[in-house]
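S.K.: Input: one structure, supplied below.
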Amino acid sequence: MGQGRVLLLSNGHGEDLSGALIASALQRRGVTVRALPLVGHGEPYRQRGIAVLGRTRAFSTGGLGFTSLAGQVRELLEGQTLHVILQLARLRRRSRGVDLVVAVGDVVAVLGGWLSGRPAAVYLVAYSSHYEGRLRLPWPCGWLLRRRRFAAIWARDRFSGEDLSGQLRRPVHFLGNPFLDAVLTGANPALPRIDEGWSQRLLLLPGSRLPEAQHNLALMLELLPRLASRLQRPQQLRVSAALVGGLTAAAIQQLAAPLGWEPAAAAGGGRGLRHRCGLELELVWSGFAAQLAAADLVLAMAGTASEQAVGLGKPVLQLVGRGPQFTAGFADAQRRLLGPAVFAADEEPGSPACLEATAALGADLLQRLADPGQGPALRRQWASAAAERIGVGGGSERLAAAIMELLQYP
């Protein structure tokens, strides 16, 4: 095998992030890296200076249409299915001269690694044995992964690695999850707290895909006054929302006004909203790692960001929406994947009863976290679950080192 030319394939927003972190670690080692995001624009690659091949497109489902029939139909109508097929068809030409193809994602990325005609490795970040106790790989993923073309396979957790090693009859290793490194690097939990009168922090994660993230935020804005009514001192709860750039302040104000929210200066001097119940919400478009590190509780309608929160030992309160990503089925699968740190109300998604029950659950979690006896014990429990389900930091470097071994030793 030649030296130093790698092509990263990924199919999804979270997969792009993990792929970009691996690519950055490889570049620091002198490897020439290019990326081919099969779904979306691949912004995580561009943000880190990784060359992106070909034309890219973003779609409303973000590659997650498979979670519902409506999402599958939407992907067909928007042309996403055809786009992915065309990307795969061009792979052999685009991978000429490449020493190794690294697939990040699910069966689509694995299929891309196979179609490239080059030696390949795969990081199966989209699959876990925690979902059902035994991983059922979709056809033809299992058959492909038994082929010699795949020089290495890496799982997203230790349990999955052990399960797949038995199923595939070859070693499948767990080296960590690069997406955790994105929130460990540059995180600054020393944000203003008690000295400004705040006793606890709640972080909202409405997701990264538009227009779903906008609908999710509206649902969260309906929930927050219900939460405030259940708190003894709601003015001591600092609430912020981590937002994607496409969700503008003007769009937020438009959706917030009918729900009783009005523009206001946030505690840090930035943009915010204030509700007539007295609760304030800070709108944040940067510094996600620091915001997450400082949070006591996370209210989430997100995929990778929720996994990052659990990886930091944070409790996650789910609020199920209309999708196409964060549906009831997706949320249920996420709870099975991430374990005891994820909570959800058992009511009809989006209903007033669900909002009331979620608010009650959120207030109970905040109260338990503030308790001097329960709080530390819960945090230790969630930290232990984080190590088991997500792993520890440094996954990007460990995967890059494993790739270097494949490049140097055919």
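S.K.: Somewhere in the range 191-201, is a residue within 30 Å of Glu397 (Cβ to Cβ) and either aromatic (Phe, Trp, Tyr) or at pLDDT below 90 (or both)?
M.R.: yes
S.K.: Now for a separate question. How many of the residues making up the range 366-377 are surrounded by fewer than 18 Cβ atoms within 10 Å (Cβ to Cβ) and touching a Leu at 6+ places or on another chain (Cβ under 8 Å)? Break it down stepwise before answering.
M.R.: If we filter the range 366-377 for residues that are surrounded by fewer than 18 Cβ atoms within 10 Å (Cβ to Cβ), which is where we start, we get 367-377.
If we keep only those that are touching a Leu at 6+ places or on another chain (Cβ under 8 Å) as well, we get 368-369, 375.
Qualifying residue count, the range 366-377: 3.
S.K.: Another question, then. Just a yes or no: is a residue in the range 356-374 among the acidic types (Asp, Glu) and in a loop (DSSP other than H, G, I, E, B)? I'd like the intermediate steps shown before the answer.
M.R.: Of the residues in the range 356-374, the ones among the acidic types (Asp, Glu) are 356, 364, 371.
Next cut, in a loop (DSSP other than H, G, I, E, B) only: 371.
Yes: the range 356-374 contains one or more residues that are among the acidic types (Asp, Glu) and in a loop (DSSP other than H, G, I, E, B).
S.K.: Out of Val310, Val298, which single residue is buried (at least 23 other Cβ atoms within 10 Å of the Cβ), in a helix (DSSP H, G or I) and within 14 Å of the chain's Cα centre (by Cα)?
M.R.: Working: Val298 fails: in a helix (DSSP H, G or I).
One residue alone meets the criteria, Val310.
S.K.: Test of understanding: among Gly105, Gly62, which residue is surrounded by 18 or more Cβ atoms within 10 Å (Cβ to Cβ) and at pLDDT below 70? I'd like the intermediate steps shown before the answer.
M.R.: Details: Gly105 fails: at pLDDT below 70.
The unique qualifying residue is Gly62.
A quick yes/no check of all residues on (1) over 26 Å from Asp181 (Cα atoms); (2) in contact with a Pro (Cβ under 7 Å, 6 or more places away or on another chain); (3) assigned by TED's automatic domain parsing to the domain that holds Ala121:
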| position | (1), (2), (3) |
| --- | --- |
| Ala305 | no, no, no |
| Gly311 | no, no, no |
| Glu356 | yes, no, no |
| Ala400 | no, no, yes |
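Residues are listed down the side, and each one gets a yes or a no for (1) surrounded by 16 or more Cβ atoms within 10 Å (Cβ to Cβ); (2) in the same structural domain as Cys277 (by TED's automatic domain parsing); (3) touching a strand residue (DSSP E or B) at 6+ places or on another chain (Cβ under 9 Å):
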| position | (1), (2), (3) |
| --- | --- |
| Leu217 | yes, yes, yes |
| Pro225 | yes, yes, yes |
| Pro234 | yes, yes, no |
| Gly246 | no, yes, no |
| Ala250 | no, yes, no |
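S.K.: Quickly run through the range 262-274 and pick out the residues that are surrounded by fewer than 20 Cβ atoms within 10 Å (Cβ to Cβ) and in contact with a helix residue (DSSP H, G or I) (Cβ under 7 Å, 6 or more places away or on another chain). Before you say what the answer is, go through the steps one by one.
M.R.: So the first thing to find is which residues in the range 262-274 are surrounded by fewer than 20 Cβ atoms within 10 Å (Cβ to Cβ), and the list is 262-271, 274.
Selection gives Pro263, Ala267, Arg271.
S.K.: Sticking with this structure for a sec: What helices (runs of 4 or more DSSP H) completely inside the range 94-186 contain at least 2 residues that are closer than 23 Å to Arg398 by Cα and within 25 Å of the chain's Cα centre (by Cα)?
M.R.: On the way: elements: 107-115, 141-145, 158-168, 178-184.
The helices (runs of 4 or more DSSP H) meeting that bar are 107-115, 158-168, 178-184.
S.K.: Quick check on Val102: is it in contact with a helix residue (DSSP H, G or I) (Cβ under 8 Å, 6 or more places away or on another chain) and within 27 Å of Arg335 (Cβ to Cβ)? Working first, answer last.
M.R.: Values: in contact with a helix residue (DSSP H, G or I) (Cβ under 8 Å, 6 or more places away or on another chain): yes; within 27 Å of Arg335 (Cβ to Cβ): no.
The answer is no for Val102.
S.K.: Here is a list of conditions, (1) closer than 29 Å to Gly133 by Cβ; (2) free of Cβ contacts under 8 Å to residues at least 60 places away in the same chain, and Gly303 meets all of them except one; can you say which number that is?
M.R.: Tallying (1) closer than 29 Å to Gly133 by Cβ; (2) free of Cβ contacts under 8 Å to residues at least 60 places away in the same chain, Gly303 fails exactly one: (2).
S.K.: Before we move on, is Gln325 within 15 Å of the chain's Cα centre (by Cα), within 23 Å of Arg209 (Cβ to Cβ) and at pLDDT below 95?
M.R.: Working: within 15 Å of the chain's Cα centre (by Cα): yes; within 23 Å of Arg209 (Cβ to Cβ): yes; at pLDDT below 95: yes.
Yes; evaluated as a whole, the condition is true for this residue.
S.K.: So, in the range 231-285, exactly how many residues are touching a residue at least 60 places away in the same chain (Cβ under 8 Å) and not in a loop (DSSP other than H, G, I, E, B)?
M.R.: 3
S.K.: Which number in (1) in contact with a Pro (Cβ under 9 Å, 6 or more places away or on another chain); (2) crowded, with 21+ Cβ neighbours inside 10 Å; (3) modelled with pLDDT of 95 or more marks the one condition that Ala155 misses?
M.R.: (1)
S.K.: Being hydroxyl-bearing (Ser, Thr, Tyr) and surrounded by 21 or more Cβ atoms within 10 Å (Cβ to Cβ) is the filter here; which residues of the range 321-361 pass it?
M.R.: Here is the first cut: in the range 321-361, the residues hydroxyl-bearing (Ser, Thr, Tyr) are 327, 351, 358.
Of everything in the range 321-361, just one residue is hydroxyl-bearing (Ser, Thr, Tyr) and surrounded by 21 or more Cβ atoms within 10 Å (Cβ to Cβ), namely Thr358.
The values are calculated or read from the model by the stated rules, or taken from the named source; none is laboratory data. Because the structure is a prediction, the values reported are computed rather than measured. Note that we place each Cβ from the backbone using ideal geometry, even for glycine, and neighbour counts take in every protein chain shown.
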